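Read the structure below first, then the notes.
None of the figures in this text is laboratory data; all of them are computed from the coordinates on show. Just so we're clear, the structure is a prediction, and the values are computed from it rather than from any experiment. So basically every Cβ, Gly included, is an ideal-geometry build from the backbone, and we count neighbours across all protein chains shown.
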Amino acid sequence: MELRPYIDALRHELALAAAAGGEDARELADRLTAPLESATRLALLDALSEAAAEITRDLAPGSVDLRLRNREPSFVVTPAPADPWTDRAPAPPPPDPVPAPAPAPGEDEATVRISLRLPEHLKGRIEQAAARDGVSINTWLIRAAAAAADGDRPPATTTSVTATSGGQRFTGWVR
């Protein structure tokens, strides 16, 4: 996705508005458009990132990731994994019965960045779980945090089973 057309359109609108104010306003607008370009690009990337996060929350267990390459954003859509036992995608989750509460005055719904300190062994396990689910670490952590905050337990993908029957012992992993 190219951001240049949107930035150029904003620059054009600013020039039109400044033209109504005379030559001094037009010159000021010309001087302001260069520094505003990077701020505009950052604001657009923040909006796209928030949109991707919102879509990922609604698309779970699928995901949408925003990637930046050569200063241009692109979206990567990861569909929900197919159920290996039925060879079809799982049914979509039921809609939330209660809508999320509106933010209190002064609260910001924008995506925020936090610093999370993890033991090295836990970080490795999270990386493996995200890779197993076919999502980014960030998406995996968002889902785990949302499930914990909602009081849900994420479904276990594998369970260790050991059974003894008639002198035989079975050990393995089941879904």
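Quick notes on this structure:
- Net charge contributed by nearby residues that have their C-beta within less than 11 Å of VAL64 (K/R +1, D/E -1): -1
- Highest-first packing order for the peptide set 27-37, 52-62 is 52-62, 27-37, based on the mean count of other beta carbon atoms within 10 Å.
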